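We did not get these values from a lab; they are worked out from the coordinates using the rules stated. Since we're looking at a predicted model, the values are computed, not measured. Every residue, glycine among them, receives a Cβ derived from its backbone with ideal geometry; neighbour counts consider all protein chains shown.
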Amino acid sequence: MSFQELQLHPEILDATHKAGYDKATPIQKEAIPLVLAGGDLIAQASTGTGKTAAFSLPLLHKLMQDSSQTALILVPTRELAKQVAEVLTGFAKAIDLRVATVYGGASYEKQLQEVKRSRIIVATPGRLIDLLQSKRITLNADYVILDEADEMLDMGFLEPIKKIFSYLPEERQTMMFSATMPQAIRKLAKVILRKPKEVSIAQKTRTNANIDQSYYLLKEDEKEEALLRLWHYLEPEKAILFCRTRRDADKLTTRLRAKGLRCAALHGDIAQRKREETIRAFKSGHTTLLIATDVAARGLDIDDVTHVFNYAIPDNSESYIHRIGRTGRGGKSGKAINLVAPQELQALSRIEKSTGAKIAHGEVPHAGTIAKKQVQQTVQKIKALSTIADDAEALIATLCADLGEREIMRRMASLLLEKGETFGAKKLGYTLDEARTFLQRDKHRSTGKRMRHTGRTYNKRRYG
């Protein structure tokens, strides 16, 4: 469906065209007419499907129709607040409609001045409830949107959200957008929405089909070495690696920096200014690997992430989907790589089953394979070199006088081949057959536990 068919204001249609929006995504096709029609809405669609435009475009259409109306958009993180405001500002340029951002870690006075001049406020719950309770602002929003509602609840914002709604007028249009719909979201919807229409864009395979997913079965102490080998073999342009804890993220960042990787940690203990610097460095390409915890990575919207690494398997499929959804965006392909210890195999198997995705087993490249690849790359660089250093001839003359041409070539080749020695043991991890053996053992153990629990006889010979 084209945007022209959605009956949006001509100036908004012109803005979408200039922004490169030609056809509506499924969530946009379903949600925009319902928002335009009025009434509350609860919409579910996975990350990267165009949810921001799905509420931004009809919202701007409505605000153009009545210049006295205002809107509030709640988001979980500062980064997402900035990104949503940027999208809205891009669409609203032609209609001279201002957008304010309200989030922690920034000047109160500057934000208050923006709020006074703007008809749309994009805010995080923490800073907004602070301003409301201190009576620095009052809100008479005609339209209220919760974006990434599930993430806000995961981050502990349930009570602040309820408190914020106690400051809002009863007469309003409220819309909730979320990637998942756990029971807590349903309960919140009953409190803040009135007879909402529902839209759900679900697929049998809930993970993005553009993402190639694989796993490598490893001993826990092999993961770091395996990551290094895969990094040098796959050569990611920009990647995010997910750790379980802040301590893990810091420790791994320090160790990988020592190995020459341009990486940075991102977690809840990092100050806001440092966090913003880290994200800017990652977006610009100065940092190529972001090592993050789940909560710290929420709200990141970076389209050119080529790889996602799971250094530890998440506890559930929803977290897995959110993690790998950072790549393969905007129609591009991406890779999701899982470094899995034997005790994590069952968790990965449950994720594979619940998402309907195919997560293929891979074997870590041998040290010799990576060394050979690096030598080939160096040879290609030498062949392609067009600028010769001024002192090169003098150096060759000196070496030839001492060693001779043949000996120089042998020693240069030896220097290139030494690179393979930095990758440790030749073989890392387990083969596919070994992985299957681990899975069978886990299944047998779990079967035995269930049988003992139900009082049935456990046959050790049968179940292993």
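Things to note:
- Residue among F438, Q183, Q173 farthest towards the positive dipole end of the chain, charges placed on Cβ: F438
- Lys, Arg +1 and Asp, Glu -1 on Cβ, resulting dipole of the range 127-262 about Cα centre, debye, nearest 20: 340
- Sequence-distant contacts, meaning Cα pairs under 8 Å at least 6 residues apart, place the relative contact order of the chain at 15 percent.
- Least to most buried among V102, V199, V379 (fewest other Cβ within 10 Å first): V379, V199, V102
- Packing, taken as the mean count of other beta carbons within 10 Å per residue, orders the peptides 20-30, 159-169 from highest to lowest as 20-30, 159-169.
- Cβ crowding within 10 Å averaged over residues, with 237-243, 275-281, 71-77, 180-186 ranked highest first: 71-77, 237-243, 275-281, 180-186
- Using the Cβ of R136 as centre and a radius below 12 Å, the other residues enclosed give a net charge of +1, where K and R count +1 and D and E count -1.
- Expressed as a fraction of 2.2 N^0.38 Å, the value expected for a compact globular protein of N residues, the C-alpha radius of gyration of the chain is 1.19.
- Residue exposure sequence - D150, D301, D390 - by fewest surrounding Cβ within 10 Å: D390, D301, D150
- Helical content of the chain, expressed as a calculated mean residue ellipticity at 222 nm, amounts to -14500 deg cm²/dmol (DSSP H runs of 4 or more residues, -39,500 (n - 2.57) each, divided by residue number, nearest 500).
- All lysines inside 26 Å of K373 as judged from Cα atoms, apart from same-chain residues fewer than 8 positions distant: K219, K223, K238, K259, K332, K335, K381, K383, K419, K426, K427
- Length-normalised contact order of the range 306-377 in % [C-alpha pairs under 8 Å, at least 6 apart]: 33
- Pairwise centroid distance, computed over Cα atoms, of the range 57-117 with the range 336-375, Å: 42
- Within the shell of other residues whose beta carbon sits under 12 angstrom from the beta carbon of A19, the net charge comes to -1, with Lys and Arg scored +1 and Asp and Glu -1.
- Options L131, V364, L74, ranked by Cα towards positive dipole end of the chain, top entry (Cβ charges): V364
- The gain in end-to-end length when the S200 to E237 segment is fully stretched comes to 10.0 nm, 0.36 nm per residue minus the alpha carbon separation.
- Segment S284-A37, extension gain: residue separation times 0.36 nm, minus the distance between their alpha carbons: 84.8 nm
- Straight-line cross-link partners of K195 among the lysines, defined as a Cα under 27 Å from its Cα and at least 8 positions apart when in the same chain: K29, K51, K62, K162, K163, K187.
- When only the Cβ of Lys, Arg, Asp and Glu is charged (+1, +1, -1, -1), the dipole of the chain relative to its Cα centre reaches about 1880 debye.
- Neighbour net charge for H286 - beta-carbon separation under 12 angstrom, K R +1, D E -1: +3
- Our note on the geometry: Cα centres of the range 140-219 and the range 272-315, 22 Å apart.
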